[in-house]
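The values are calculated or read from the model by the stated rules, or taken from the named source; none is laboratory data. All values reported here derive from a predicted model rather than from experimental measurement. Cβ sites come from the backbone with ideal geometry, for glycine too, and all protein chains shown count toward neighbours.
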Amino acid sequence: MQTFFIGFFGLAAIVFAVAVFRTSSMMRSALALLFSQTALGALFLALQAEFLGVLQIMMMATEMSIMAIFMVMFMMDPGGLGGMDMSHQKRLSMIAGLGAVMLVSAIAAYTRWQELASLSQAAAADEQIRHLGRELLGRSMLVFETAGITILTAMIATTAVAVKVPAENASHES
Amino acid sequence: MNPDLLLALITGAALFGIGLYGVLSQTNLVMLMMGIELILAGALVNLVAFWRFLHADSYAGQMFVLIVMTVMALEMAVGFAVALARFRARGSVEMEEAQELKG
Amino acid sequence: MIHVARQGRWQGMGRLLLRATARDLRALVVPGPDVAAASGLELAAAGLRLAATPRHANLLLLVGELPGTLGDAALVLYAQMMRPRVCLLLGSAAPAALPISARAELSQTGLLEGVERLRECLSTQAYQKRVDTFSAPILSPSDSSQEENSDAAGDSGHHQMEHGDEGDGGMSFMSMVKVTKDLPRSPDGLPMDRIEVPFGPVFPGLPGGLSLTFTLDGDSVAQVKSETLRTTCLRTPQAGFLPDALLQAVCALDPLTPVSYRLLALRALTALGAPAQTPGAHGDVALLERERTVSHLGWLALLGRQIGFAWLQRRALRLQLACLRSEMADFPTLGKTLRRFDKQVRRNPLLRARLSGLGVIAPQAGLRGPVARACGLSTDARTGDPAYLDLAFEPRRGEGSDALQRLYLRLDELHQSVALVAAVLSRQRPVEHVSPAGRQPELSDGEAMASVETPRGEARLQLMSSGGRITAVEIDTPSRALLGQLPSLLRQQELGDALTCVCSLDLSPWDSAT
Amino acid sequence: MSVLIIVLGLLAGAYAVALLEDRLTRGSFAPAAPLLAAAALLARESIVTRKPDRLLFETAPVLLLIAALLAAAVLPLSPTLIVADLATGGLFINAALAYVLVALLMAGWGPDGAYAMVGGWRFLGQVIAYSMLIVMPITAVAIRAESLLTTAIVGSQEGWWNMFYQPLGFLLFFIASLAVCFLPPFDRPSAEGELAAGVEAEYTGARLAILRLGRMVLVVSLAAATSVFFLGGWLGPWLPPWVWSALKVLAVAALMLLAGYYLPRVREEHLLAWCWKLGIPLALLNIFIVGVMVLAGL
């Protein structure tokens, strides 16, 4: 059963991911990425990582909606009616992409995972959340805090880059 | 050999490949970022799968996933800020028109 | 009737749906619900609900006379409505191409009667085996104005952004720099595609008939174009107007404030030597002030609809109808209700936040009416009127120049008007309009000028007569000057704020008609 | 079984919401009006605009309805009457609500109309701001319950309902839920006086019926969420639990509609400024206060 769901959602994620670069409508492209990520969230649920799955589903919906508006802003033909080709070095990319898939899959297939495998049963979902909380605010506190600081830094940097320099300042500098 | 693990890893590999294709082939910065998102998504799948099948008792694995999600969000925010600044300055976020960035 | 129906035959359950369609009438009013209310129609009493767009409506309600441009708009709107659909005409004329399902006189009883007939029509003929498509000359594809005129124009979305850049030779990729080079820059420095969106002539948040076209940059307004109604009622015929014909023409000019314009015409004619037909100086005051109350309440209802304030919309509409229908002698008794209403409006904190700082107009010459008085000017034609001076009239003035001050000023004027009417009543029993004399009055040759302070500001009428006929008519109305200020007032405003600004000016598309 | 009961309950709630909305906008009370309106919509033509993105246009109303239903899936009407008592219930409801945003963006983009498009993008800004005010009060609620299970959250309110325990959180959550289901005064995406019904403008007939139903169900879902998180869900004396739940949900829904009736639409600048500059700091303060209170054992 679990195998079926993993396969199903994995396939859905891949199909939507392919759709991202196949459609020329920006809105569809962003939504395809969104549903690809949603399928991944469902895949996490199938892998019994309930918290991560739900979090993924929630975060990606907002994130990809923001993506959508930027795509529409920055593309020449967001409706995708011009039939414009927006890609280059297709051959190389295709080869690189396929090569990467082969290589990574081969590594995955030939590694002897048995030697590493430990538990086969994950804890119940509410147990997991409790453990994750203790992990975050205990042993991995530093990492967690670093992530927070990084977010703060990124917020400030992003705002600084994105806002327009007022006209008088600009002339002052030049 | 656990077939579920392999299945999840192949999914991750496929997403990585598609993302790589996108990053290399797209000319628009925003589309390029979609590729990066997919590559990171591939990494996410692997992390969750490793946690589930190899270290189901160690929650550092789950924490890693959270960090990657943070990175995805940050990557997007910073990427869009750069795109915005560039669009304002040059009127374009096309890669082909960013030749001057070549060293 | 063939355009009414939707294709199909309905049995069993379908019959039930048929009955439902007949009961659930969603009206799109042309020119607008404000005109309907000013004509004394209570749509809710007839079981009608207002639809925001033609797509959601199944009843096109035509109220009064439609000038040419509005007639065309009505055709476009009708074409956009979903079948089964019906069209009710209250009043006289409508575009010939429009399939009228029922017509009735312009009154509440007429409305009720008409709606009853429509229900019958819908429940029997809503579905036919064969339906023809509705077409009119204005709808033919060659006419590019079709979408611009319509209320819910569809084509200004993402598909407008197809840039054809053929001259690039064999280049396989398109230069984005080239595409964006010529685009106008927004204040934030981004060259973005702009879209042109029509608002009106039939738009829920604007006075019916007012037609604006915004060029939107994102959701802020980059440019405004306004298009006025085109009426022919003041075009002087070859032989000149007879006095009665002129009176009718001026009255028909503005369905929102018919009394003021009638008074204006009568005064001008009296100045030319026609016998006085007004109920005497103080009677004029009573009529004018009642109409001011009605008009200001109508404006409040429209404002309520524009800013999505359902309570204000409903309450103001109810009060407006009450004022309109009240006998003159009972009118001052509404004062108490109005004061309570006023207090409730002023107490609303979110309303204050919504309106303050919006649509600031600096005091300047040329402003008239409440807009001028709100920013501290005492421009008021009433100050020159002996009847008003006799009643110790003093114009109200505001101390700001934003939309909130205009709201406060109009609320103040409501009470002032009621007090004026009460003062008149304490002196004399006013008569309603004197019925016109049977034969055409004699006019002396020459030029005459009259002015009236309408609810929107001073209107002036200039007449030239020779040989008992009026040969030249010149009318100067308050809304026209304001309409010219719109582009500078709305630039770079957020869309909703821009519409609120327009609404706060209380423009009448009728008196600015050309 | 409980799925069926919950869906029926949601539909009944949607009917009540429609009835109340009709009562407020028209002033007369007509019990059959919502049903008639729905039937008339079904009987009317449903057309597709001229150059739509057909896929998005068709999917959007259905997605809205599904998102609203999913949000209700983790909300208990009584200790046993719940579709899925997820361990991440408090988080799951946010995930479901995020898809309301996606649905509205699709509805805005799909029909290729200017009004709809502006409405859709307006909702993006609105939800990104106000979904914070959904998440953060829920966090404070979960801190008190020491669990994300919705049933545990209700259980934690045996003594004091959260409405009294953390009134600040309740207020913020209530406002944010108005914004998320775009009811007045936050009805900017579907504003009648500004965008001629915005995202709904190009929908007709049966599609419009689904869109409206989805919106009503969303209102009921959020009212139910408010009741579960802040009004103690099924808790209450004398009456059976499900009756208490129903009463509270209806009361909250009525309050939501009444608030919109007496307030004008919020301006864009205020909408964003109030949320980011005032609402979010207050929500953080709320989390802090609740944390201290929990530690103090109150």
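A compact table of results
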quantity	calculated
Condition check for D:GLU202: buried (at least 22 other Cβ atoms within 10 Å of the Cβ), free of Cβ contacts under 8 Å to residues at least 40 places away in the same chain and closer than 30 Å to C:ARG83 by Cα	no
Residue count, the stretch C:210-222 (criterion: of a type in the set (D, E, K, R) and either more than 11 Å from chain D (Cβ to nearest Cβ) or assigned to a strand (DSSP E or B) (or both))	1
Residue satisfying all of: in the stretch D:94-105; more than 7 Å from chain A (Cβ to nearest Cβ) and in contact with a Phe, Trp or Tyr (Cβ under 9 Å, 6 or more places away or on another chain); surrounded by the fewest Cβ atoms within 10 Å (Cβ to Cβ) among these	D:VAL100
Hits in the stretch A:73-100 (condition: farther than 17 Å from B:LEU32 by Cβ, aliphatic (A, V, I, L, M) and at pLDDT 80 or above)	A:ILE95, A:LEU98
Evaluation of A:ALA170 against (1) at pLDDT below 75; (2) assigned to a loop (DSSP other than H, G, I, E, B) (one fails), failing number	(2)
The lone exception for B:MET72 - which of (1) over 18 Å from A:ALA68 (Cα atoms); (2) in contact (Cβ under 8 Å) with a residue 12 or more places away in the chain; (3) surrounded by fewer than 24 Cβ atoms within 10 Å (Cβ to Cβ); (4) touching a Leu at 6+ places or on another chain (Cβ under 7 Å) it fails	(1)
Options D:ALA18, D:ALA37, D:ALA12, D:ALA30; residue that is over 22 Å from D:ALA223 (Cα atoms) and under 24 Å from the mean Cα position of the chain (by Cα)	D:ALA37
Verdict on D:GLY169 being in contact (Cβ under 8 Å) with a residue 24 or more places away in the chain and within 12 Å of chain C (Cβ to nearest Cβ)	no
Selected residue (criterion: farthest from the chain's Cα centre (by Cα)) from residues of the stretch C:33-74 that are on the phi > 0 side of the Ramachandran plot and more than 14 Å from chain D (Cβ to nearest Cβ)	C:GLY40
Positions within the stretch B:12-52 being closer than 27 Å to B:ARG86 by Cα, more than 7 Å from chain A (Cβ to nearest Cβ) and small (Gly, Ala, Ser), in sequence order	B:GLY19, B:GLY35
Output for the stretch D:126-160, where each listed residue is at the interface with chain A (Cβ under 9 Å from one of its Cβ atoms) and within 29 Å of C:ASP219 (Cα to Cα)	D:VAL127, D:ILE128, D:SER131, D:VAL135
Yes/no for D:ARG50 being touching a strand residue (DSSP E or B) at 6+ places or on another chain (Cβ under 9 Å), over 30 Å from D:LEU235 (Cβ atoms) and within 12 Å of another protein chain (Cβ to nearest Cβ)	no
Tally, over the stretch B:57-73, of residues that are part of a helix (DSSP H, G or I), facing chain A (nearest Cβ under 7 Å) and over 14 Å from the mean Cα position of the chain (by Cα)	3
The stretch C:335-356, residues that are part of a helix (DSSP H, G or I), more than 8 Å from chain D (Cβ to nearest Cβ) and either charged (D, E, K, R) or under 25 Å from the mean Cα position of the chain (by Cα) (or both)	C:LYS336, C:LEU338, C:ARG339, C:ARG340, C:PHE341, C:ASP342, C:LYS343, C:VAL345, C:ARG346, C:ARG347, C:ARG352, C:LEU355
Yes/no for B:VAL30 being modelled with pLDDT under 85 and β-branched (Val, Ile, Thr)	yes
Qualifying residue in the stretch A:11-27 (condition: crowded, with 23+ Cβ neighbours inside 10 Å, more than 7 Å from every other protein chain (Cβ to nearest Cβ) and not aromatic (Phe, Trp, Tyr))	yes
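For every residue, the table says whether it meets (1) within 14 Å of chain D (Cβ to nearest Cβ); (2) within 15 Å of the chain's Cα centre (by Cα); (3) modelled with pLDDT under 75.
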residue	(1), (2), (3)
C:VAL224	no, no, no
C:ARG235	no, no, yes
C:LEU303	yes, yes, no
C:LEU312	yes, no, no
